[in-house]
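Below is one structure, written out as structure tokens; comments come after it.
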Ligand SMILES: Cc1ncc(COP(=O)(O)O)c(C=O)c1O
């Protein structure tokens, strides 16, 4: 740790000797948030999916309160939670044309991906493939690298084309007898474009390997995008070779954090998720379908409630708002000389870059004006939420002003392309 880091590090805190007054405690909690990003104002473009629905927020808060203490670890003690989990997974399976009873909830996209890779490894080992390989595109989410690292699986990353979608010819060359699973993203995070799932899944089926679609971002949005008449290539269980899908309810499903669904085409995939203790422990039978032991109940109940509260009608309305906001922003960005959207996005996630200006300096000028895009090597990253409809015109004005400032000589503050970074220090990951 450098001296500068040490200076920023908070002073050590000791264990409280006496309990605190509720009001004082809450006041302290709120005061402590002074330097958090103000996502409610719609000036943040990542991390929070803001549906702009006070009624939904109230409902989710009430649902959480209902389940503050319960533990989803034991489905026999709290069968209501097992039912909610099963119903939630089945509702999403129905939306994505998958079979019922072949999936469950996890704490988020990363955990769904970890478990999908675990299941694939299990099957590979059973088939005598002791050194299995996972093949992904370069744009696959880092959760796959993390899963491979934790599970001792090798990851091979293949190139993407100029459109940022997996290059299927390169993918084909990368597959061999060690391949256990290929991954397609719907869409990928950096550019918001969908990989050619039909071709990838056909290739996987031909070679007898699994095909996982990472729809953590798009799983709860793409079905409604399609109903809006937007061009959405087939990507879900309607594609024959797709064997599993991850879809996050805490993203465009608009529940609070801690909820993703992992679905399998074959119910055997879900059975393989279940790990059981060998009985030597002495505490009785112990089994779980995810790495966690104790599992918080609110995210399960919240995910169920968000799907039921919004229903297809509600999700379609929100998708329409998002689509219109995206189109307005894309048109507006096109009018600003010197910057461009680097790839026409399939959804409401895109990158803005520049061939002539220092895009990092544009980002700094935006931050200075109180707008917080993410940064990545090719430019600025934007993930839209329905709430951005309200601020889109203001944002375009701010973006044009930021570009003008850079044209006028404003230079970069030296921010690094750190995921989630908002300012020069790149500290807020
Ligand atoms: C495409 C994609 N996959 C997986 C993940 C991981 O999800 P989580 O952050 O919920 O673990 C993300 C997160 O943004 C994502 O965009």
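Every number here is computed from the coordinates shown, using simple stated rules; none is lab data. If you're wondering where the values come from, they're calculated on a predicted model, not measured in any experiment. Note: ideal-geometry Cβ built from the backbone for every residue, glycine included; neighbour counts use all protein chains shown.
Of note:
- Here the Gaussian network model covers the chain, with springs between Cα atoms less than 10 Å apart; of 208, 363, 283, 283 fluctuates the most.
- From least to most packed, judged by other beta carbons within 10 angstrom and beginning with the fewest, 304, 275, 281, 39 follow the order 281, 275, 39, 304.
- The convex hull drawn around the Cα atoms of the range 61-309, when projected onto a plane and averaged over every direction, covers 13.5 nm².
- Beta bridge orientation in the range 61-309: antiparallel %, DSSP, nearest 5: 45 percent
- Note: relative contact order over the chain, using C-alpha pairs below 8 Å and six or more positions apart, is 18 percent.
- CD proxy at 222 nm, helix term only [per DSSP H run n ≥ 4: -39500 (n - 2.57); per residue of the chain; nearest 500]: -13000 deg cm²/dmol
- Mean-square fluctuations from a GNM of the chain, with a 10 angstrom spring cutoff on Cα atoms, peak among 210, 25, 330 at 25.
- Of the beta bridges in the chain, as assigned by DSSP with both residues counted there, near 55 percent are antiparallel.
- Size descriptor for the range 129-261, Kirkwood hydrodynamic radius: 15.0 Å (Cα pairs only, one decimal).
- Sorted by Cβ neighbour density within 10 Å, fewest at the top, the residues 141, 264: 141, 264
- Binning all Cα-Cα separations of the chain at 10 Å, short to long from zero, yields these whole-percent fractions: 4, 20, 28, 27, 16, 5, 0, 0.
- On full extension, the segment bounded by residue 58 and residue 178 gains 38.2 nm, given 0.36 nm per residue less the C-alpha separation.
- Volume per residue of the C-alpha convex hull in the range 188-250, rounded to whole Å³: 84 Å³
- Peptide ranges 213-221, 393-401, 246-254, 68-76 listed from the most packed, as the mean C-beta count within 10 angstrom indicates: 213-221, 246-254, 393-401, 68-76
- Relative contact order of the range 61-309: 27 percent, from C-alpha pairs under 8 Å at least 6 residues apart in sequence.
- GNM result for the chain, Cα springs below 10 Å: residue of 383, 180, 91 fluctuating most strongly: 91
- A convex hull fitted around the alpha carbon atoms of the range 1-151 yields 276 Å³ per residue.
- Pairwise inverse Cα distances across the range 215-272, averaged and inverted, put the Kirkwood hydrodynamic radius at 12.3 Å.
- Relative contact order (percent, whole number), the range 112-153, Cα cutoff 8 Å, 6+ residue spacing: 57 percent
- Here the residues 153, 391, ranked from fewest to most Cβ neighbours within 10 Å of their Cβ, fall in the order 391, 153.
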